[in-house]
Structure formats: structure tokens, C-alpha cells
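For reference, the structure is listed below as C-alpha cells.
What follows draws every value from the coordinates through simple rules; no lab data is involved. What you are looking at is a predicted structure, and each value in this text was computed from that prediction instead of being measured. A quick note on method: Cβ atoms are made from the backbone with ideal geometry, for glycine too, and the neighbour counts reach across all protein chains shown.
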Amino acid sequence: MGLAAFEYIDRLQRLDEPQAVRAAFADAITALGVTSFALLEVNPNPEAFQRTVIDDTMPVGWKERYFEQKYAAIDPCVRAIASSVEPFLWSEALARSRREKPQRRIYDEAGSFGLNQGLCVPIYGPNRYMAFATLAGPQLDLAPTSRAALHVMALYTHNRLLTLMQTETTEAPTLTRRERECLTWVAQGKSDWEIGEILKISERTAHWYIECAKRKFGVATRIQAVVNAAAAGLIGV
């Protein structure tokens, strides 16, 4: 698997802040050609695919495109996650599918954001818990030892992040610029459609950013998210 992976795991156990873990993971996987990653918890039912983002560094433009086009409904990786134990390449998931044109388009468009290759790492836990890491870049190091290193590093990173996030009960979550902007306009009484018009994004994308902020705060309503964000000094009202 490589000494670097073991050194990373040893270092990981000494990190006590999620941002430090994120930086260390990004640095470690860059050596293997990975430029962007996402760690997500998922609903195991592909027909009702929902994701809760643990952490990610994916290009914002690609995330918006993926959500707006509802690619999760046809993404071969989504179905492969629910039936795979071992890591698999995006191309391998596509090969197992019917290779229909809309599915191929997902990966063609990802390539326009510098994500030409991707590796998915399924992660399972108790009570039907399911998550996965997706690691992408222009050209990944796909040697067997490198794939094994990415597999192990993703698992340990996921576990370390969850441990730290569960113990951080008083610190405010980190919101993206778009999430802060959307909550700021929610505080002004704007609808999803109005926010989309103001920010030059779709109504669906505006709604998605607001839902992401709600999940990060662990609240049920957008007003609660606004109150929590304002109290944490993340937005002005």
C-alpha cells in the first residue's frame, strides 16, 4: 500500500480539527493525482437518492451542474455504491451500465471541470449506514498499490471527520459563499425563485444551497438556519 499511506494515518490520529483533517487529506491524495474530493453520507435507496455532505472540494460549477440536471437519478456510480464493497472507477461503473448517452454525458461534462477520472470508495457502518468518497482529477495514479492507498486513506479520513464532528457541538459549521449568500437573502424574505434571479442561478440550485445550510446546522427550517448563521456571525441581517 505504500509507506506514505501509513504515515498519513498515523498523522491523522493526531489532528483534532476537521479543517486540519481536510487539508491533510487533500495534500496526501494530491500525490496520487487527485485534485478534488467529496465525502458524503447517502440514502441507500437509489430511487430516493439523498446526500449529506461531510466535506468536499469539488468545483462549485460542477456541483451546480450536477444538481440542476438531476444527474443523481441516472449516475451509474449511485447504483454501484449500493452494491459494491470495493472501490471502483467512474469508468467501471459506466461499463456495468448500458452506457446510454445521458450517462456518458455526466462524465464528459465532469471532464470539462478537470475531473477526467474518478474513484468511488463505498463506506458502510452499523444500522445500514452508508457513505462514500469520490476522488477525482485529470489523471489518477491507478496502480494497485495507489488504489489501495486511496481506499484506506478515504476510510480513515471519513471516520476521523465523523468523530471530530460528533464532538464539536458548540462550534458553528462552515458555510460556503453561496450558502451564506442564499441565507442572507432568505433573511430578507426572498423566495427560492427570487434568490435565483438575484444570484443568477436556478431556483432549484438556490433551494439546494439553503437545504445544505439547514443540514449543516441540523435544523428543520430555513428560518432556524438564518438565526443560527446570524448568531454565529456568518451572515448579517
Highest GNM mean-square fluctuation, the chain, Cα pairs closer than 10 Å: which of A24, A95, A154? A95
Only helices at least 24 Å long along their axis, Cα-based, and averaging -0.5 or more on Kyte-Doolittle count here, so list those DSSP H runs from the chain. 144-167
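At 0.36 nm per residue, and after removing the present C-alpha to C-alpha distance, how many nm does the segment from A31 to N127 gain when stretched out fully?
That pair, A31 and N127, stretches by 31.1 nm at full extension.
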Normalised by the residues of region 3-167, what does the relative contact order come to in percent, with Cα pairs under 8 Å and at least six apart? 29 percent
How many lysine pairs in the chain, separated by 8 or more positions in sequence or lying on different chains, have Cα atoms less than 19 Å apart? 7
Note down the magnitude of the dipole of region 3-167 about its Cα centre, charges +1 on Lys and Arg C-beta and -1 on Asp and Glu C-beta and zero elsewhere, to the nearest 20 debye. 480 debye
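In terms of the Cα gyration tensor, with a ≥ b ≥ c the square roots of its eigenvalues, is region 177-231 rounded because a/c is under 1.5, prolate because a/b exceeds b/c, or oblate?
prolate
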Loop only by DSSP, 16 or fewer other Cβ within 10 Å of the Cβ. Give me the trypsin sites (Lys or Arg not before Pro) in region 99-138 that pass, ordered by residue number. R99, R128
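Using the count of nearby Cβ atoms within 10 Å as a rough guide to exposure, how do Y129, Y66 rank from fewest to most?
Y129, Y66
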Using unit Cβ charges (K, R positive; D, E negative) and no other charged atoms, how large, in debye to the nearest 20, is the dipole of region 177-231 about its Cα centre? 220 debye
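Could you work out the longest stretch of the chain that avoids the GluC sites (Glu not before Pro) located in DSSP loops with at most 14 other Cβ atoms within 10 Å?
1-99
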Which of N159, N127, N116 moves most in a GNM of the chain, Cα contacts under 10 Å? N127
Springs between alpha-carbon atoms under 10 Å, Gaussian network over the chain: tell me which of K70, K200, K190 tops the mean-square fluctuations. K200
What's the whole-number percent of alpha carbon pairs in the chain lying beyond 30 angstrom? 28 percent
